[in-house]
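Enquirer: Please see the structure below; I have some questions.
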Amino acid sequence: MLYDLHELQRSFLAPLAAFTDTGSQLFSNPYSPLAYTPLSRQLSATYELVHRLGKDYQKPAWGLNTTRIGTEEVAVTEETTLSQPFCNLVHFQRETNRQDPRILLVAPVSGHHATLLRDTVRTLLPEHDVYVTDWIDARMVPASDGTFGLDDYVRTIQAFIRHLGSDVHVVSVCQPTVPVLAAISLLAASNEPCQPRTMTMMGGPIDARKSPTQVNRLATTKPYSWFENNLIHRVPGRYPGAGRHVYPGFLQHAGFIAMNPDRHLRSHYDFYLHLLKGDESDAEGHRRFYDEYNAVMDMPAQFYLDTIHTVFQEFSLPRGTWVIDDQTVNPAAISQTALLTIEGELDDISGEGQTHVAHDLCHNLSQDKRQSMTAKECGHYGIFSGSRWRSLIYPEIASFIRRHA
């Protein structure tokens, strides 16, 4: 019922969003005579702010058509190399003969699209052959394709690793650190030939008992039944996934906003001031960020509930109680795949030690196959996006991968 009410609200807001978009253009376009009237800039800024608050945000494009390798501008083609009902394996094919390390970048299923890792991919592209897990919005997956749980996520990662071969280097960001470590643990336990060269774990809740954050505390203060009864809804009839049970993206987005409401309020007010001053560069930066941040996707209900139960309530991976296909997940089985863990000093999503604990779990790895890094003055998103990612963290990852390639 809540999802239907949300769709009704979107329907009511659509005409307002269209009207304010037109109004903003009328009072700002240099070819419009209204752009030269008194208060035109104030009216245009007000219209655009209302438009952006009321519009519906679609999945952004990757927009990575070129990369620079040395002094050469190289074309990049986005290609889906393997497709599953809930995920596409996307390859950013560079027009070059370079034989660079192959990377499987595992994006989170946490309410945002994989394009949230655009800056991550852009930075990796000049020196790596990059593949990304592009998860599909659950409301777009027909109910006939069945359910998708956390164990299915692990199987999907294993399928992608087998597809790419043993030379692959796996980089996981945030939530997927847990299923990625599980996937590689099971490959190692079965002594499969397709074990990755390296695995890089970035800001993930491998053991959420350590330095619990606000996100962790929510999962432990509410029973499993609360999440099942209050956060799971059916997809309305207008979408291909009609009838599927999901954790709606708009609820996750509301949770993100509620964590830092003052910051978002200030950001929108600053955006309005930038428009008044004609500071287009800062205004465009705001647009780019919120075009990505406000574009959310639904999660499969079973995956969301499994994550709450397995990762944040039972802590099944660090406790050694996670069983997939009758096989216990045991990271100690990993002896070939080198491990790099990265945490942000100011991360308010995955607390201190939650990622580095992977070294304790993978205790059969030799010391020369281990490395850890805590990025100073770096928050959760700064681990994989922004200036600190590019200048501090990426060089560590690139060096680590080439050392073990």
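Enquirer: Which condition number does Tyr153 fail, the rest of (1) part of a helix (DSSP H, G or I); (2) in contact with a strand residue (DSSP E or B) (Cβ under 7 Å, 6 or more places away or on another chain); (3) of a type outside the set (S, T, N, Q); (4) surrounded by 22 or more Cβ atoms within 10 Å (Cβ to Cβ) being met?
Expert: It is condition (2) that Tyr153 fails.
Enquirer: Follow-up question, since we're still on this one. Which one of Leu43, Leu5, Leu34, Leu13 is in contact with a Phe, Trp or Tyr (Cβ under 8 Å, 6 or more places away or on another chain), of a type in the set (A, V, I, L, M, F, W, C) and more than 21 Å from Leu273 (Cβ to Cβ)?
Expert: Being in contact with a Phe, Trp or Tyr (Cβ under 8 Å, 6 or more places away or on another chain), of a type in the set (A, V, I, L, M, F, W, C) and more than 21 Å from Leu273 (Cβ to Cβ) holds for just one of Leu43, Leu5, Leu34, Leu13, which is Leu34.
Enquirer: Also, I was wondering about something else. Could you grab me the full set of residues in the range 382-405 that are in contact with a strand residue (DSSP E or B) (Cβ under 7 Å, 6 or more places away or on another chain) and in contact (Cβ under 8 Å) with a residue 24 or more places away in the chain?
Expert: The answer is Gly382, Ile383, Phe384, Ile393, Glu396, Ile397, Phe400, Ile401, His404.
Enquirer: What is the number of the single condition among (1) touching a Lys or Arg at 6+ places or on another chain (Cβ under 6 Å); (2) closer than 30 Å to Gln336 by Cβ that Trp389 does not meet?
Expert: Result: Trp389 passes all but (1).
Enquirer: Next up: Does the range 83-95 hold any residues that are under 19 Å from Pro142 (Cβ atoms) and either charged (D, E, K, R) or touching a residue at least 40 places away in the same chain (Cβ under 8 Å) (or both), and which are they?
Expert: The answer is Gln84, Pro85, Phe86, Cys87, Asn88.
Enquirer: Tell me which helices (runs of 4 or more DSSP H) are completely within the range 158-261 and hold 1 or more residues being of a type in the set (Val, Ile, Thr), crowded, with 22+ Cβ neighbours inside 10 Å and in contact (Cβ under 8 Å) with a residue 24 or more places away in the chain, or say none if there are none.
Expert: 177-189
Enquirer: Within the range 56-66, is there a residue that is more than 19 Å from His253 (Cα to Cα) and either assigned to a helix (DSSP H, G or I) or of a type in the set (Val, Ile, Thr) (or both)?
Expert: Yes; the residues of the range 56-66 include at least one that is more than 19 Å from His253 (Cα to Cα) and either assigned to a helix (DSSP H, G or I) or of a type in the set (Val, Ile, Thr) (or both).
Enquirer: In contact (Cβ under 8 Å) with a residue 24 or more places away in the chain and closer than 25 Å to Gln42 by Cβ: does that describe Tyr304?
Expert: no
Enquirer: Same structure again: Tell me, which residue of the range 123-150 that is free of Cβ contacts under 8 Å to residues at least 40 places away in the same chain and crowded, with 21+ Cβ neighbours inside 10 Å is nearest to Phe86 (Cα to Cα)?
Expert: Val130
Enquirer: Whether any residue in the range 74-82 is at pLDDT 95 or above and assigned to a loop (DSSP other than H, G, I, E, B) is what I want to check.
Expert: The answer is no; no qualifying residue exists.
Enquirer: Any chance you could count how many residues in the range 23-43 are touching a helix residue (DSSP H, G or I) at 6+ places or on another chain (Cβ under 8 Å), loosely packed, with under 15 Cβ neighbours inside 10 Å and either outside any helix (DSSP H, G or I) or of a type in the set (Val, Ile, Thr) (or both)?
Expert: 2
Enquirer: Here are Thr321, Thr341: which of them is surrounded by fewer than 20 Cβ atoms within 10 Å (Cβ to Cβ), more than 18 Å from Leu53 (Cα to Cα), in contact with a strand residue (DSSP E or B) (Cβ under 9 Å, 6 or more places away or on another chain) and of a type in the set (Val, Ile, Thr)?
Expert: It is Thr321.
Enquirer: For Asp129, all conditions in the list (1) within 27 Å of Ser372 (Cα to Cα); (2) touching a Leu at 6+ places or on another chain (Cβ under 8 Å) hold save one; what is the number of the exception?
Expert: If we test Asp129 against (1) within 27 Å of Ser372 (Cα to Cα); (2) touching a Leu at 6+ places or on another chain (Cβ under 8 Å), just (2) comes out false.
Enquirer: Residues Thr67, Thr20, Thr120, Thr46: which one is out of contact with any strand residue (DSSP E or B) (no Cβ under 7 Å at 6 or more places or on another chain) and crowded, with 19+ Cβ neighbours inside 10 Å?
Expert: On inspection, the qualifying residue turns out to be Thr20.
Enquirer: Oh, and also: Spot the failing condition for His359; the list is (1) outside any strand (DSSP E or B); (2) farther than 18 Å from Gln195 by Cα, and only one is missed.
Expert: (2)
Enquirer: Out of Ile308, Ile349, I need the residue that is surrounded by 21 or more Cβ atoms within 10 Å (Cβ to Cβ), out of contact with any strand residue (DSSP E or B) (no Cβ under 9 Å at 6 or more places or on another chain) and in a helix (DSSP H, G or I). Which one?
Expert: Just a single option satisfies the conditions, and that option is Ile308.
The values are calculated or read from the model by the stated rules, or taken from the named source; none is laboratory data. Since this is a predicted model, take the numbers as computed values, not measurements. Ideal geometry is used to build each Cβ from the backbone, glycine not excepted, and the neighbour counts take in all protein chains shown.
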